[in-house]
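Read-outs: derived from the displayed coordinates by stated rules, not from any lab. In this text the structure is predicted, and so the values were computed from the model without any measurement. In this analysis, Cβ positions are derived from the backbone assuming ideal geometry, glycine residues included, and neighbour counts consider all displayed protein chains.
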Amino acid sequence: MKMVLLTALGVGGATIFGSLIGFVFKKISHKFSDIVLSFAAGVMLAAAVLGLVIPSVEYGGKYGVLITIIGIFVGAVCLNLLDKLVPHMHKLVGVDAEEHKNNSNLNKVLLFVTAIAIHNLPEGIAAGVGFGSGNDTEALLIAGGIALQNIPEGMVIIGPMLAAGVSPRRTFVCAMATGLVEVFGTLLGYFAVSLASFILPFALAFAGGTMLYVVSDEIIPETHAHGNERGATYSLLVGFCLMLFFDVILG
């Protein structure tokens, strides 16, 4: 339990650490953010496949593949519904972000916080669910991959929030709040699987599906929208291969 708690704090703290870097480099270029976020996407993609989807198949037994496929789609659909129902700014980078039709009565700060929280909660759950398999090495790899993704995410939200007129103190508080959401998600995922171990294969696939959804629906389109798609693609491959390397070495 101590390791899970420390991991939860580390995963959530990565967003806060990234936000501190964001305060130092307030004006981050699109090219830099695209490259860094693409690397993070590659890390998340590998963590989802190697640490969640494949173990889901293995733990599912005879019907492992079917359970995994269902879990992936349920995770993606749930995040898609959450993405549509909760008012938020859709893109993570840029003040001129797309706004949903329900956004008119919410200020920009709440929209930014909600947007990050939508993605941080399932990522935290994924980190917590990983420990339910009993393979701490694999779970730490998943958590490490998510933490690596959270650092650049924390970096790129600071500039737009400051540009939107949010005070530095309030901006940092918002960044802390999004990190705490991930801490809560990690603990939620761990206890859910611990209390009902029979749901582990589905829970692993569900968490993997949410991560795959975030990579495909959010990160890749955003990093390919400013003319840096070639560099972003190779950066994603580097992130993926780095996680593959650690998975093989530590596995």
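Remark: the SER29-THR233 segment gains 71.7 nm on full extension, using 0.36 nm per residue and subtracting the alpha carbon distance.
Between the range 217-236 and the range 38-79, how far is it from one alpha carbon centroid to the other, in angstrom? Between the Cα centres of the range 217-236 and the range 38-79 lies a distance of 22 Å. Let me know the shape class of the range 115-251, please: from the alpha-carbon gyration tensor, a ≥ b ≥ c as square roots of the eigenvalues, rounded when a/c is under 1.5, otherwise prolate if a/b is greater than b/c, or oblate. Oblate. Simple point charges give the picture: +1 on the Cβ of Lys and Arg, -1 on the Cβ of Asp and Glu, and for the range 124-251 a dipole about the Cα centre of about 320 debye. Here the range 1-40 is treated as a sphere whose radius is the Kirkwood value from Cα pairs; by Stokes-Einstein at 4 °C and 1.567 mPa s it diffuses with a coefficient of 111 µm²/s. Here the convex hull built on the C-alpha positions of the range 140-205 has a volume of 95 cubic angstrom per residue. When the range 125-251 is described by a simple charge dipole with +1 on each Lys and Arg Cβ and -1 on each Asp and Glu Cβ, the residue from VAL193, ALA175, HIS226 located farthest towards its positive end is ALA175.
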